[in-house]
Amino acid sequence: MARSLLPTRPGRGPFSRDFWRSPLRGPRFTSVLGVVLLAGVPILFVTGLLSYAAYNPDLAPVNDKTPDKGILGFYLFPWPTDPPWLYRLTQGVHVTLGLALVPVLLAKLWSVVPKLFTLPPARSLTHALERISLLLLVGGALFEFTTGILNVQLDYVFPGSFYPLHLYGAWVFFGAFVAHVVLKAPVALRTLRTMREGDAEGEASDDATDELVAARPDRPTVSRRGALGLVGGGSLLLLATSAGRSFDGPLRETAVLTPHGGPEPGSGPGAFQINKTAAYAGIRAAETSEEAWRLAVTGRSGTVRLGRADLLGMPLHSAALPIACVEGWSTSDQWWRGVRLRDLAALVGHDDPVDVFVESLQRRGAFRRAALRANQVADPRSLLALFVNGEELTPDHGHPARIIVPAAPGVLNTKWVARLTFGDL
């Protein structure tokens, strides 16, 4: 018997099945959205873990923003320097895909809201596990996507550091996601296999006994295919307005939903994206002048202090490298020129490259200090850069000297360098 589409009085509260009136809800609608998330969420999880590994958090306390990670750091490994665009790829995929999946996630959460209010709370052990996984899944998803989007927009309004919050939340979310998939994937796949015959609009009918299907639905104002098209269109719109920050040319100016949307700052050789300006970091021109600035380099044989003229007297090398940041934006290859880090290590008694601890003149903000592994110091493209694109570094790009390392997150490419301490960390 067909379900009535006549207007009726809704149930007295969300725990009543009559309260939920949308004719769109049903296992088919939910299953399609679930399959999309089944493909996308594991990619988000893996690229997020790779982003965390790229910080080399086991190297030194200053790199580790999650000191209580415990067994959650079991997979960490020394971050490689090849290919040099590695972090640009992994973090670009992580942020862009995360933004594009927001409409799918919201639609999926909307589609299963009635399940959060079903009574009794648990009809069996399997049902109890499903309810618990659903609560953790919904809470974890909202937390991860919200903190991630705020981080992309450089809005740190949440309590505590983004790094541990996002890492711990990721494990809770993904654990609940895996449990939910194990419990619901067979049902979802079975539902999709039955989508053969449709109604007048080309859509199949759901089983009226399913708890997602409204017992007394309102009149439909859009078909399920139309709703799925709207969700897909929203995802494509977010993709189109965020992906450009990982590319060059006119496409870059379409990235209005990622930080610093619009034209690049300034003009000339230094006209590529930055996060922190010299003014924000508290850098004064008096301390970076050629007369005042000295780089302290410490190692096995002691400490040497080098002015800019001393560095220019050393062998200079060039490398074409991008900059990529945790917020998902990146630049194309910039042409950097300066002194190799391994040559500076040799200057203070380390013939074999070792770890280095980098300190900046920066007075405020995170990552005023950072550590790099020996494999990063050893790479011939790892430089203490003095020039970019044929000109001296601008103040905002780290004048008088900055670190540039292939495949490293942007915050580890320290600007306004004041001290390098070589040795095992």
| Residue, modelled with the highest pLDDT, within region 28-43, restricted to residues that are open to solvent by 20 Å² or more (accessible area, probe 1.4 Å) and touching a Leu at 6+ places or on another chain (Cβ under 8 Å) | ILE43
| So which residues in region 390-406 are buried (at least 19 other Cβ atoms within 10 Å of the Cβ) and on the phi > 0 side of the Ramachandran plot? | GLY398
| query | Residues in region 118-130 that are loosely packed, with under 15 Cβ neighbours inside 10 Å and modelled with pLDDT under 80: how many? | reply | 7
| Out of PHE145, PHE177, sole residue that is part of a helix (DSSP H, G or I), at pLDDT 90 or above and within 30 Å of VAL62 (Cβ to Cβ) | PHE145
| query | Is it the case that LEU251 is at pLDDT below 85, farther than 21 Å from ALA141 by Cβ and not in a loop (DSSP other than H, G, I, E, B)? | reply | yes
| said: Tell me which strands (runs of 3 or more DSSP E) are completely within region 287-356 and hold 1 or more residues being in contact with a Gly (Cβ under 8 Å, 6 or more places away or on another chain) and open to solvent by 50 Å² or more (accessible area, probe 1.4 Å), or say none if there are none. | reply: 334-340
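The values are calculated or read from the model by the stated rules, or taken from the named source; none is laboratory data. Because the structure is predicted, anything quoted here is derived from the model rather than measured. Because the Cβ atoms are built from the backbone with ideal geometry, glycine has one as well, and the counts that use them run over all protein chains shown. The accessibility values were calculated without ligands, DNA or RNA, using every heavy atom of the protein model including side chains. Shrake-Rupley method; radii C 1.70, N 1.55, O 1.52, S 1.80 Å.
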